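Heads up, the thing below is written out as structure tokens.
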Amino acid sequence: MLSIGSILGRSQTTAQTLPDFSPAEYYEHIRNVISIDDIGTTILQYDTLRMLALEEDDSTHIAYSHSCVGEIHFMYSNMEASKEAYLKSSKITKQFSDQSLYIKDCTRLLGAYRNIGVMDSALYYMHMADSLMQQQELSKLKKQLFYNEKAMFYETMGQSDSSVYYYIKAVDQVDTAQHRILLAFYSNIGGAFAARMNYAKALEYYDRILAMPDVADFPRGHTQTLIKKGQLLKQMGQLDAAETYILRAIDIEEQQIIKIYWGNAYAILADIYLKKGKFELAKATINTINNVENSVKERFLPTYYIPKTRITLYDGQYDAVPALLNKTKASILASTNNILDHIEYQDLKAQYFKATGQLDSANVALNEYIVLRDSFYNISQSNIVHDLETAYQTELKEQQINLLDTENKLSNAKLSSARRQMIGLAIGLLVLIGLLWRVFSLNNKLETALTQKEFLIKEVHHRVKNNLQFISSLLNLQSEHVKDVNAISALQEGQDRVQSMSLIHQKLYQKDNITSIDLQDYFENLIENLFDSYNINPDAIQLHMDVQQLALDVDTAIPLGLIVNELISNALKYAFPKGTNGVIRVVLKETKQKLSLSIQDNGIGMPNAIQNDLDSSFGYKLIRAFLIQLDATMEITSDNGTRVHIQMADYKKVT
């Protein structure tokens with residue numbers, strides 16, 4: 001077995017005579033005696049130890065040396081180097097009968113690949129570690145590490161609920177006295193809550209860290225927490241408080257040998273000054289950051305490029321803006337993909353295009369900005385409602401427990417003496433009055449909960465409508481860059497289909513009845529949109545509608561609306577050659593428990609040859625799929641124009 005004295009001597013450090021330790025103790029000693037701020041010397045220690053281990057053919061020491069070098073690189077976000085070191089270690093530890101070291105290597109490879117952005121490899125190592133953990137008992141420390149990495153994987157994938165779940169599982173493995181570890185987990189949990197815009201819970205976890213009596217002993221964690229809280233307060237519009245926390249973070253960071261968060265803090269501070277209208281101070285602050293890629297950690301790069309781009313715009317340096325916009329977008333996509341950063345990016349684009357006279361592009365960017373802003377508001381409101389519902393359910397359970405307790409007391413009272421029965425009767429009467437009041441109060445709460453749920457469903461429909469509108473805008477934007485006529489036509493058809501679905505969700509969140517669609521109103525709006533889409537003059541092509549007043553559920557209305565969208569689009573495109581006038585008739589009736597839809601035009605008609613080729617048309621393939629869904633039949637005739645008659649048996653009315 002190797003002695004620490006020989007190791008330290010060959011590493012050109014102070015030799016000392018120490019007893020032989022296990023491999024784990026060797027490495028723990030090196031980690032303790034060498035300053036982690038001196039990365040080069042630390043890695044040299046582990047490289048020296050690996051060479052000694054190679055001489056003695058000690059696979060455990062070799063694996064440990066690779067693992068510890070990987071750990072150092074991981075701590076300093078050198079993920080490629082960390083990955084390579086852990087891959088070398090895992091090839092050795094995979095062969096060990098004790099798989100705990102291999103599980104740790106898989107855990108760190110999960111983290112390294114996640115940071116690099118290779119999510120399929122990250123998922124592979126996560127499942128590998130997960131399956132091995134079912135077969136072998138691990139120390140609390142290794143469980144903490146795995147649950148933490150698993151939580152961060154889900155956070156990166158945007159699954160914040162799963163992320164919080166595994167962060168809390170990690171915390172369960174931590175002793176309350178282990179403040180350094182708790183600090184890291186609380187920071188991550190706060191970040192996960194911030195990602196789902198539950199700002200109150202995020203601040204609660206950040207404040208737990210700042211309330212630790214020894215938080216100053218962990219300057220990196222302390223600084224990071226102050227920055228996270230400052231960033232969150234900035235997003236909430238509490239700019240003075242945000243500035244205070246960021247300045248505190250800068251004071252601590254200035255005292256460190258290696259200033260990991262210095263650039264991040266100054267970038268956020270510049271944005272705070274910008275939002276407070278202190279333009280010159282913001283400009284001076286952002287300009288203190290040199291060598292951006294090394295000064296600002298990757299996940300914080302949007303906090304640099306957003307204010308930098310805005311300051312450049314305000315300065316009128318328009319030639320420099322496009323490059324900054326590209327870097328802003330790339331940094332957002334490469335980091336947390338935060339919706340607030342996307343909103344700021346679209347606002348910057350709109351301002352730039354407006355300032356340079358590109359009004360069409362400015363309008364597109366402004367529209368995307370509005371859609372994203374509305375989506376952010378809807379998500380925020382949905383989370384608020386979710387939290388209200390959770391609080392309500394908790395209160396309801398407490399009331400049920402109290403009610404059971406009261407019933408037990410009544411039962412005991414009935415077993416008392418006659419004299420006590422009179423007292424019990426009086427008590428029972430009071431309790432009954434109390435129960436009646438509870439029932440009345442509970443009914444009010446139920447009504448409130450139902451109202452909140454209805455609001456939540458409306459917000460979901462609003463959000464879906466906005467997302468569909470966003471897709472429609474993307475299709476419209478794409479069509480502007482396409483020259484092929486057929487491709488443009490396909491994009492327009494796709495846009496119309498998306499609009500037909502978007503219209504349904506718009507109707508649902510605008511009405512008191514959130515489960516049904518008024519077909520008469522829906523068809524009018526749908527067909528009017530199609531006339532506008534194809535630039536149809538209503539005096540040239542007239543629309544005659546005879547639609548029965550029916551309320552159908554969403555599962556029926558969506559496929560029916562898409563069928564009408566396809567048939568009306570075909571009539572507008574093909575029935576009337578340019579310059580000709582005509583009429584389109586739409587009839588919808590319910591007869592003998594069947595729904596009958598007829599769409600007819602008096603145009604040029606549909607030759608048999610074209611009818612025979614319909615099955616190869618994408619639009620008619622869609623119609624056929626929806627006909628199967630609605631248990632419907634379709635008949636096409638071409639006599640003085642084209643008439644499509646559909647009868648459906650599987651539809652649901654809402655009363």
Got a sec to turn the phi values of the range 178-194 into Karplus ³J(HN,Hα) couplings, 6.51 cos²θ - 1.76 cosθ + 1.60 with θ = phi - 60°, whole Hz, x for Gly and Pro? 7, 5, 4, 6, 4, 4, 5, 5, 4, 4, 5, 5, x, x, 5, 5, 5
Please sort by residue number the trypsin sites (Lys or Arg not before Pro) in the range 98-130 whose DSSP state is loop and whose Cβ has at most 15 other Cβ atoms within 10 Å. none
If amide H atoms are built 1.01 Å from N in the plane of the peptide, which residues on other chains or at least 5 residues away come under 5 Å of the amide H of residue 547? 588
For the range 152-258, with every protein chain kept in place, what is the accessible area per residue (1.4 Å probe, Å²)? 45 Å²
Ranked highest first by average number of other Cβ atoms within 10 Å, how do 231-237, 486-492 line up? 231-237, 486-492
Interchain or long-range residues, amide H under 5 Å from residue 605's placed H: 641, 642
Estimated vicinal HN-Hα couplings, Hz - the range 631-638 in sequence order (Karplus 6.51, -1.76, 1.60; Gly, Pro = x): 6, 10, 10, 10, 10, 10, 10, 10
Would you mind pulling out the separation of the Cα centroids of the range 306-365 and the range 128-193, in Å? 36 Å
Which of the trypsin sites (Lys or Arg not before Pro) across the range 524-595 are loop residues per DSSP, with 13 or fewer other Cβ within 10 Å? 578, 592
Diffing the range 65-80: the Karplus 3J(HN,Hα) column from phi (6.51, -1.76, 1.60, θ = phi - 60°), in whole Hz with x for Gly and Pro, holds 5, 4, 4, 5, 5, x, 5, 4, 4, 4, 4, 9, 6, 8, 5, 5
Show the residues, 5+ positions off or on another chain, whose built amide H is closer than 5 Å to the amide H of residue 582. 541, 542
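When you count, for each residue, the other Cβ atoms within 10 Å and take the mean per peptide, how do 265-273, 346-354 rank with the highest first?
The peptides rank, most packed first, as 265-273, 346-354.
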Can you give the accessible area of residue 225, probe radius 1.4 Å, in Å² rounded to 10? 0 Å²
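The values are calculated or read from the model by the stated rules, or taken from the named source; none is laboratory data. Only a predicted model underlies this, so the values are computations on that prediction, with no experimental measurement involved. All Cβ positions, even for glycine, are placed from backbone atoms using ideal geometry, and neighbour counts span all protein chains on display. Only protein heavy atoms, including side chains, enter the accessible area calculation; ligands, DNA and RNA are left aside. Shrake-Rupley method; radii C 1.70, N 1.55, O 1.52, S 1.80 Å.
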